[in-house]
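Quick notes on the structure that follows.
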Amino acid sequence: DSGVTQTPKHLITATGQRVTLRCSPRSGDLSVYWYQQSLDQGLQFLIQYYNGEERAKGNILERFSAQQFPDLHSELNLSSLELGDSALYFCASSLTGTGSSYNEQFFGPGTRLTVL
Amino acid sequence: DQQVKQNSPSLSVQEGRISILNCDYTNSMFDYFLWYKKYPAEGPTFLISISSIKDKNEDGRFTVFLNKSAKHLSLHIVPSQPGDSAVYFCAASATGQGAQKLVFGQGTRLTINP
């Protein structure tokens with residue numbers, strides 16, 4: 001158990017809909033990262049938040065948005081869903097997420113999104 | 001643009017033998033490299049890492065080798081055990097640039113046969 005929790009575990013929805021994925025980081029971690037893993041693909045970095053502020057952005061579609069709240073939990077909002085958005089979405093957290101030395105990232109169990 | 005590549009989607013090894021997983025990268029700004037292990041229905045778990053100032057790091061049965069000139073790293077597991085059967089992801093970051101995000105390869109599914 002990494003200490004990172006994600007809800008829901010599974011989500012099935014229809015095209016055009018909007019969903020929200022939730023992540024609670026490990027206690028004390030200030031940084032949250034979101035990654036997407038499509039079928040047979042590696043994890044693709046979407047976005048990073050550090051202490052409530054957006055820190056880095058990756059290949060995140062404009063239909064997707066995220067935020068980190070004062071209690072440090074984060075939500076990833078996916079709207080106007082398409083079939084191709086079906087994937088595993090992982091959240092990770094790290095102690096700081098800044099600086100020139102690596103901060104180990106701990107991954108949650110993921111949310112499996114299926115768009116029908 | 002696939003900056004981190006794992007060219008072998010799968011690998012099958014006899015129990016007790018050595019497993020060697022390979023990874024290539026293209027971005028010379030990467031300065032920290034990691035291997036993650038992933039079981040079905042679980043998130044990736046950290047296995048071992050190496051900084052670009054080293055060429056080898058060992059932790060028990062796991063050793064990671066880094067060849068910067070070839071932009072290549074490998075993970076050696078000796079001896080391989082049935083519990084090592086999982087998908088292994090190679091990842092890299094450019095922490096010297098202040099970037100903490102990880103760039104992952106596509107993964108290699110390792111199967112250890114009894």
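Look at residue B:101 and say whether it is touching a residue at least 24 places away in the same chain (Cβ under 8 Å) and either surrounded by 15 or more Cβ atoms within 10 Å (Cβ to Cβ) or at positive phi (or both).
Values: touching a residue at least 24 places away in the same chain (Cβ under 8 Å): no; either surrounded by 15 or more Cβ atoms within 10 Å (Cβ to Cβ) or at positive phi (or both): yes.
No: the conditions fail for residue B:101.
So which residues in segment A:92-116 are β-branched (Val, Ile, Thr) and either at the interface with another protein chain (Cβ under 9 Å from one of its Cβ atoms) or assigned to a loop (DSSP other than H, G, I, E, B) (or both), if there are any at all? Full working, then the answer.
Residues of segment A:92-116 that are β-branched (Val, Ile, Thr), as a first pass: A:96, A:98, A:111, A:114-115.
Within segment A:92-116, A:96, A:98 meet the criteria.
Check residue B:59 against each of (1) loosely packed, with under 15 Cβ neighbours inside 10 Å; (2) at pLDDT below 95 and name the one condition it does not meet.
Condition (2) is where residue B:59 drops out.
What's the number of the only condition in (1) open to solvent by 50 Å² or more (accessible area, probe 1.4 Å); (2) of a type in the set (D, E, K, R); (3) assigned to a strand (DSSP E or B) that residue B:37 fails to meet?
So the condition that residue B:37 fails would be (1).
The rows are residues; the columns are (1) open to solvent by 70 Å² or more (accessible area, probe 1.4 Å); (2) within 11 Å of another protein chain (Cβ to nearest Cβ); (3) not in a loop (DSSP other than H, G, I, E, B).
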position	(1), (2), (3)
A:11	no, no, yes
A:20	no, no, yes
A:34	no, yes, yes
A:44	no, yes, yes
A:61	yes, no, no
A:66	no, no, yes
A:75	no, no, yes
A:80	no, no, no
A:90	no, yes, yes
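Among the residues of segment B:1-32 satisfying the criterion of being of a type in the set (Phe, Trp, Tyr) and out of contact with any helix residue (DSSP H, G or I) (no Cβ under 6 Å at 6 or more places or on another chain), which is modelled with the highest pLDDT?
First, the residues of segment B:1-32 that are of a type in the set (Phe, Trp, Tyr): B:25, B:30, B:32.
Checking which are out of contact with any helix residue (DSSP H, G or I) (no Cβ under 6 Å at 6 or more places or on another chain) leaves us with B:25, B:30.
On the way: B:25: 97, B:30: 93.
Selected residue: B:25.
Mind checking which residues of segment B:60-83 are touching a Phe, Trp or Tyr at 6+ places or on another chain (Cβ under 9 Å) and either in a strand (DSSP E or B) or among the charged types (D, E, K, R) (or both)?
Residues of segment B:60-83 touching a Phe, Trp or Tyr at 6+ places or on another chain (Cβ under 9 Å): B:62, B:64, B:66, B:71-78.
Matches in segment B:60-83: B:62, B:64, B:66, B:71, B:72, B:73, B:74, B:75, B:76, B:77.
The values are calculated or read from the model by the stated rules, or taken from the named source; none is laboratory data. Note that the structure is predicted; figures quoted are calculated from it, not measured. Cβ atoms come from the backbone with ideal geometry, glycine included; neighbour counts cover every protein chain shown. Side chains are part of the model used for accessible areas, which takes the heavy atoms of the whole protein and leaves out ligands, DNA and RNA. Shrake-Rupley method; radii C 1.70, N 1.55, O 1.52, S 1.80 Å.
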